[in-house]
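First comes the structure, then the notes that go with it.
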Amino acid sequence: MNEYSILAAVDLGSNSFKLQVARVVDDQIYPLDVLKEPVRLAAGVGVDKNLDAASQQRALDCLSRFGERLRGIPQGAVRCVGTSALRVANNAAEFLAQAEAALGYPIEVIAGREEARLVYIGVAHSLPATEQSRLVIDIGGGSTECIIGNGVEPRLMESLHLGCVNYTRQYFRDGRIEKAAMKQAELAARAEAQSLRVDYIGQWHEAVGSSGTARALSDVLVQNGWSQSGISADGLAAFRIALIRAGSVDRLELAGLKPDRKPVIAGGLAIMSGLFAEFGIEQMTVADGALREGVLYDLLGRFHHRDMRAATVAQFTRRYHVDTHQAKRVAGLATQLYAQITDDSDETVENQSLFLRWAALLHEVGISIAHSGYHKHGAYILENADMPGFSRKDQIRLALLVRAQRGGLSKLAEFQAPIAQPEVQLMVLALRLAVLFHRSRITAALPGIALSPAGAGYQLALSAAWLDDNPLTCTALKAEVQVWKEAGVKLMVNNPP
């Protein structure tokens with residue numbers, strides 16, 4: 001995989017969109033440029049769970065500006081992630097197509113626990129190293145991540161459906177702040193976090209806040225003399241009193257409270273106060289690092305053979321008792337066949353080959369549920385499980401390949417990936433053939449197998465003598481030709497000249 005001296009991360013948060021460009025020096029990341037805009041995407045999610053036109057336009061305008069700054073940076077050096085608002089919006093797929101066109105780079109919607117993992121990595125790299133465990137709380141616009149970890153490794157990761165934008169909308173409409181509403185919001189936050197209490201209490205030595213809400217609260221508390229540093233329980237109580245006395249954010253004038261943060265500060269304060277009470281926090285440090293720094297360090301790890309996705313694949317093979325010898329046999333042949341047709345110097349091809357290998361290593365995860373229909377069980381696991389390092393789109397791609405390894409090909413329509421797409425077609429064909437040739441599940445010498453394009457289809461050439469000696473495989477190949485014919489693709493199997 002290519003290495004880059006410049007990396008960039010784009011965080012499509014539910015409150016703000018952020019872009020960070022950084023240079024890499026000796027495994028460290030040094031910021032070059034940071035852009036941030038308060039898009040408030042979560043505020044545009046209506047009762048029908050659709051993003052409204054106004055929020056979409058704000059987002060697209062912002063991404064067009066970000067796209068100009070990113071212009072010229074290779075795709076492999078940029079990672080763009082969407083969070084809570086894009087996880088819940090019913091029309092996210094339609095919006096993302098426009099967003100990617102405006103930005104000029106693919107956008108991944110990441111699961112809540114993946115967001116939590118990346119937040120922790122970003123925080124850990126921005127604080128002094130310590131062996132003591134940390135509780136990291138990241139209050140975003142639409143979700144709050146709570147993570148406990150040691151060093152740079154997170155141990156417990158959860159994402160709660162509470163954020164400063166949606167809590168402000170729900171409890172402090174039109175900017176009005178009432179005592180009863182504040183109490184109700186705090187109790188709601190406590191109730192949401194209560195499920196974590198048993199696992200989290202007593203498991204950390206230091207509490208750390210990250211992202212905009214924590215920094216905004218810290219600025220207000222310190223500049224108004226309510227906290228010496230960071231966020232304190234007493235400081236939150238003093239801020240709470242000041243908010244209720246003001247009665248409205250429009251009448252709130254406090255040192256350290258920035259105009260862009262003022263509209264959502266009440267929701268952020270209520271959530272932080274509720275979490276302080278539920279977890280027994282008295283004092284919290286505020287970190288500079290957050291999600292986008294975590295994305296950058298995770299991206300850097302991919303180039304230095306510390307790819308979290310590879311670690312997740314290995315962990316899944318253990319969890320689901322995969323026959324690793326068989327998985328490696330299939331992976332080896334699948335990637336070999338794929339390489340015969342593709343240009344491995346192309347970065348996109350390299351990435352697709354990586355996914356093909358991972359899909360092959362995981363193609364039998366479903367056997368732990370049942371051998372009958374194991375490809376369907378495997379696809380379900382890969383599409384729905386928490387897979388650190390993988391985005392939602394990544395998991396669907398893995399699930400597609402595993403689902404398509406046997407049986408008919410009409411099933412690809414379920415994944416909105418028509419077999420006519422050449423990149424999908426070739427990856428599926430390579431995996432299916434690898435599974436077919438290694439059906440015996442033993443390490444046996446295979447003939448020279450050559451896969452090549454032939455018009456709008458493919459030609460598979462191998463020894464006639466070997467086919468005569470292996471009638472079961474010969475019959476299976478004839479059936480495979482028929483499957484592809486039904487899908488509108490011509491696959492020819494013949495002997496080399």
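Summary table
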{"read-out": "Filter result for the condition that a residue is crowded, with 17+ Cβ neighbours inside 10 Å, among the hydrophobic types (A, V, I, L, M, F, W, C), outside the structural domain of Ala359 (by TED's automatic domain parsing) and outside any helix (DSSP H, G or I), over Leu477, Leu460", "value": "Leu460"}
{"read-out": "Count of residues meeting criterion [in a loop (DSSP other than H, G, I, E, B), farther than 16 Å from Leu291 by Cα and modelled with pLDDT of 90 or more] in the stretch 138-167", "value": "2"}
{"read-out": "Single unsatisfied condition, Glu282 versus (1) within 24 Å of the chain's Cα centre (by Cα); (2) at pLDDT 95 or above; (3) surrounded by fewer than 22 Cβ atoms within 10 Å (Cβ to Cβ)", "value": "(1)"}
{"read-out": "All positions within the stretch 48-91 that are within 25 Å of Leu300 (Cβ to Cβ) and free of Cβ contacts under 8 Å to residues at least 12 places away in the same chain", "value": "Glu68, Gly72"}
{"read-out": "The stretch 36-64 - residue that is surrounded by fewer than 16 Cβ atoms within 10 Å (Cβ to Cβ) and within 23 Å of the chain's Cα centre (by Cα) and, of those, farthest from Ala22 (Cα to Cα)", "value": "Lys49"}
{"read-out": "Considering residues of the stretch 285-326 that are hydroxyl-bearing (Ser, Thr, Tyr) and in a helix (DSSP H, G or I) only, the residue surrounded by the most Cβ atoms within 10 Å (Cβ to Cβ)", "value": "Tyr297"}
{"read-out": "The stretch 23-47, residues that are assigned to a loop (DSSP other than H, G, I, E, B), in contact (Cβ under 8 Å) with a residue 12 or more places away in the chain and closer than 18 Å to Leu96 by Cα", "value": "Val39, Arg40"}
{"read-out": "Failed item in (1) modelled with pLDDT under 95; (2) surrounded by fewer than 21 Cβ atoms within 10 Å (Cβ to Cβ); (3) on the phi < 0 side of the Ramachandran plot; (4) not hydroxyl-bearing (Ser, Thr, Tyr), with Gly212 passing the rest", "value": "(2)"}
{"read-out": "Candidates Glu37, Glu68 - the one that is acidic (Asp, Glu) and closer than 26 Å to Gly163 by Cβ", "value": "Glu37"}
{"read-out": "Positions within the stretch 128-151 being touching a residue at least 40 places away in the same chain (Cβ under 8 Å) and in contact with a strand residue (DSSP E or B) (Cβ under 7 Å, 6 or more places away or on another chain), in sequence order", "value": "Gln132, Ser133, Arg134, Leu135, Val136, Ile137, Asp138, Ser143, Thr144, Cys146, Ile148"}
{"read-out": "Ser227 of a type in the set (Ser, Thr, Tyr), surrounded by 13 or more Cβ atoms within 10 Å (Cβ to Cβ), outside any helix (DSSP H, G or I) and in the same structural domain as Ala180 (by TED's automatic domain parsing)", "value": "yes"}
{"read-out": "Criterion (in a helix (DSSP H, G or I), of a type in the set (A, V, I, L, M) and buried (at least 20 other Cβ atoms within 10 Å of the Cβ)) met by exactly one of Ala102, Ala85", "value": "Ala85"}
{"read-out": "Number of the exception - Gly122 against (1) in the same structural domain as Leu217 (by TED's automatic domain parsing); (2) in contact (Cβ under 8 Å) with a residue 40 or more places away in the chain; (3) touching a helix residue (DSSP H, G or I) at 6+ places or on another chain (Cβ under 8 Å)", "value": "(1)"}
{"read-out": "When residues of the stretch 414-426 are limited to those that are assigned to a helix (DSSP H, G or I) and either buried (at least 19 other Cβ atoms within 10 Å of the Cβ) or not acidic (Asp, Glu) (or both), the one modelled with the highest pLDDT", "value": "Leu426"}
{"read-out": "Among the residues listed as Lys393, Lys411, the single one being part of a helix (DSSP H, G or I), in contact with a strand residue (DSSP E or B) (Cβ under 6 Å, 6 or more places away or on another chain) and modelled with pLDDT under 95", "value": "Lys393"}
{"read-out": "Only one of Val483, Val489 that is outside any helix (DSSP H, G or I) and in contact (Cβ under 8 Å) with a residue 40 or more places away in the chain", "value": "Val489"}
{"read-out": "Members of the stretch 242-272 found to be more than 20 Å from Gly141 (Cβ to Cβ) and either in a helix (DSSP H, G or I) or at pLDDT below 90 (or both), listed by number", "value": "Ala242, Ile244, Arg245, Ala246, Asp250, Arg251, Glu253"}
{"read-out": "Which numbered condition Glu94 misses (of (1) within 15 Å of Val295 (Cβ to Cβ); (2) without any contact (Cβ under 8 Å) to a residue 12 or more places away in the chain; (3) charged (D, E, K, R))", "value": "(1)"}
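Yes/no per residue for (1) out of contact with any Asp or Glu (no Cβ under 8 Å at 6 or more places or on another chain); (2) part of a helix (DSSP H, G or I); (3) in contact (Cβ under 8 Å) with a residue 12 or more places away in the chain:
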position: Lys328; (1), (2), (3): yes, yes, yes
position: Ala334; (1), (2), (3): yes, yes, yes
position: Asp343; (1), (2), (3): yes, no, no
position: Glu350; (1), (2), (3): no, yes, yes
position: Phe355; (1), (2), (3): no, yes, yes
position: Ala360; (1), (2), (3): yes, yes, yes
position: His371; (1), (2), (3): yes, no, no
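The values are calculated or read from the model by the stated rules, or taken from the named source; none is laboratory data. Please read these numbers as outputs of a predicted model, since none were measured by experiment. Cβ sites come from the backbone with ideal geometry, for glycine too, and all protein chains shown count toward neighbours.
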